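A.B. asks: Sharing a structure here in structure tokens format.
The values are calculated or read from the model by the stated rules, or taken from the named source; none is laboratory data. As the structure is a prediction and not an experimental result, all values here were calculated from the model. Counting neighbours? That spans all protein chains shown, and the Cβs are built from the backbone with ideal geometry, glycine included. Note: accessible area is taken over every heavy atom of the protein model, side chains too, but ligands, DNA and RNA are not part of it. Shrake-Rupley method; radii C 1.70, N 1.55, O 1.52, S 1.80 Å.
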Amino acid sequence: QVQLVESGGGLVQPGGSLRLSCAASGSSFSINAMGWYRQAPGKQRELVATFTRTGSTNYADFVKGRFTISRDNAKNTVYLQMNSLKPEDTAVYYCGLWSGVRFYWGQGTQVTVSS
């Protein structure tokens, strides 16, 4: 079993920045992929940015140049640095981890971009 704990969400003005963190813990798990997804009210959950096992990254087009995903392998933690935030970035941001056997979700953290 894997537990994912997210932190760092909140309220920010347009143009501002936030940094999200997600720490994975559990017994005997591997990380094939880990990253961030988001779900806005009334919309489907969508990929924001992920790492693969080899370390390559994948970004959604709508965040390229604004968001950066990074990781600390020793801590099984991924981060999402979000800059130049827009109102349309408002959503619940979820951490997701693919172990190669099943997919795990965190509880989500709310990001609200509003003046």
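A.B. asks: With respect to GLY96, determine if the residue is at pLDDT below 95, within 19 Å of LEU18 (Cα to Cα) and not polar (S, T, N, Q).
C.D. replies: Against the criterion (at pLDDT below 95, within 19 Å of LEU18 (Cα to Cα) and not polar (S, T, N, Q)), GLY96 does not qualify.
A.B. asks: Which residues, counting only those in segment 67-80, are open to solvent by 60 Å² or more (accessible area, probe 1.4 Å) and either in contact (Cβ under 8 Å) with a residue 24 or more places away in the chain or β-branched (Val, Ile, Thr) (or both)?
C.D. replies: THR68, ARG71, LYS75
A.B. asks: Under 7 Å between Cβ atoms, at least 6 apart or on separate chains: pull out the pairs that start in segment 37-66 with a residue that is surrounded by 15 or more Cβ atoms within 10 Å (Cβ to Cβ) and end on any residue that is assigned to a helix (DSSP H, G or I).
C.D. replies: Every condition considered, the pairs that remain are VAL48/VAL63; ALA49/VAL63.
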